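Please read the structure below before turning to the comments.
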């Protein structure tokens, strides 16, 4: 009887030990430290998006704790409180926040973004604000409504493009563009030929330009050799003689002055010219009168 009870007690103890090992083994596999004395903080979320107990917590890429439990705050509808255990060596500054991040494989972790230490520290048991890190997928999801608004416009633009490309004028314009391109190619060839000929002529042109410059320099040296003061003195003397001559012409002295300024002399000259003209006319009309008088001494009857 005693042996039977001892066996039953042993079996019961083995079962209890097995259950304890299984329980603590599951906790260990989940990343929960069995005998930890981490500092406890509370992170508030409006949506945990896959966050679960035993999810790791990282600060600057280093694991600093785990999520111990998650509870729904029925006193504040829509609020979810996650109890987290952080390394007791870690001090959490005021202004720190936590972000839930998910990778492409579905693994969820909590990133602790530490604030400025000069702002003071959050006491153990304090609250930390939490949010969800959208990431590239989240930003793409935010763009979906805007893309949906753009789709009708894109359909309209594509329809207009189809109408435009179906227009025969487009094909004609492209054909004209091809002709223009060929003309440009021909023009480019001609320009290349012209530039080649110019390149051949440039050395000769430069040589001639140098010769001209040399002649210009010789001319400049010749001009510099001219006695400018003596030349200007002669010019001044000539101008002075010209002034004296014009003064004499304007004065009544001398034949030219009297001829230019005496009106009576001008009138007498006009009268003399008129009589001479009359005499010539009479001589042409009656030549015998003058010839007979001068040669034979008879008068014209």
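Can we say residue 95 is in contact (Cβ under 8 Å) with a residue 12 or more places away in the chain and in contact with a helix residue (DSSP H, G or I) (Cβ under 9 Å, 6 or more places away or on another chain)? I'd like the intermediate steps shown before the answer.
Details: in contact (Cβ under 8 Å) with a residue 12 or more places away in the chain: yes; in contact with a helix residue (DSSP H, G or I) (Cβ under 9 Å, 6 or more places away or on another chain): yes.
Considered against the rule, which asks whether it is in contact (Cβ under 8 Å) with a residue 12 or more places away in the chain and in contact with a helix residue (DSSP H, G or I) (Cβ under 9 Å, 6 or more places away or on another chain), residue 95 comes out as yes.
Quick check: is even one residue across the range 17-25 touching a strand residue (DSSP E or B) at 6+ places or on another chain (Cβ under 9 Å) and at pLDDT below 90?
As a first pass, look at the range 17-25 and keep what is touching a strand residue (DSSP E or B) at 6+ places or on another chain (Cβ under 9 Å): none.
No, the range 17-25 has no match at all.
Against the definition (touching a residue at least 60 places away in the same chain (Cβ under 8 Å) and either out of contact with any helix residue (DSSP H, G or I) (no Cβ under 8 Å at 6 or more places or on another chain) or closer than 27 Å to residue 56 by Cα (or both)), how does residue 115 come out, yes or no? First the steps, then the outcome.
On the way: touching a residue at least 60 places away in the same chain (Cβ under 8 Å): no; either out of contact with any helix residue (DSSP H, G or I) (no Cβ under 8 Å at 6 or more places or on another chain) or closer than 27 Å to residue 56 by Cα (or both): yes.
It is false that residue 115 is touching a residue at least 60 places away in the same chain (Cβ under 8 Å) and either out of contact with any helix residue (DSSP H, G or I) (no Cβ under 8 Å at 6 or more places or on another chain) or closer than 27 Å to residue 56 by Cα (or both).
Specify the residue that is nearest to residue 42 (Cα to Cα); the eligible residues are those in the range 90-119 that are at pLDDT 90 or above and loosely packed, with under 12 Cβ neighbours inside 10 Å.
116
Would you mind stating whether residue 123 is modelled with pLDDT of 90 or more, touching a helix residue (DSSP H, G or I) at 6+ places or on another chain (Cβ under 6 Å) and either closer than 22 Å to residue 52 by Cα or exposed (fewer than 15 other Cβ atoms within 10 Å of the Cβ) (or both)?
Numbers: modelled with pLDDT of 90 or more: yes; touching a helix residue (DSSP H, G or I) at 6+ places or on another chain (Cβ under 6 Å): no; either closer than 22 Å to residue 52 by Cα or exposed (fewer than 15 other Cβ atoms within 10 Å of the Cβ) (or both): yes.
So residue 123 fails the test.
List the number of the failed condition for residue 222; all other conditions in (1) under 60 Å from the mean Cα position of the chain (by Cα); (2) at pLDDT 75 or above hold.
(2)
Can you pull out the residues in the range 35-54 that are under 55 Å from the mean Cα position of the chain (by Cα) and within 22 Å of residue 91 (Cβ to Cβ)?
41, 42, 43, 44
The values are calculated or read from the model by the stated rules, or taken from the named source; none is laboratory data. No experiment lies behind these values; they were computed from the predicted model shown. Using ideal geometry, Cβ is built from the backbone for each residue, glycine included, and neighbour counts are taken over all protein chains shown.
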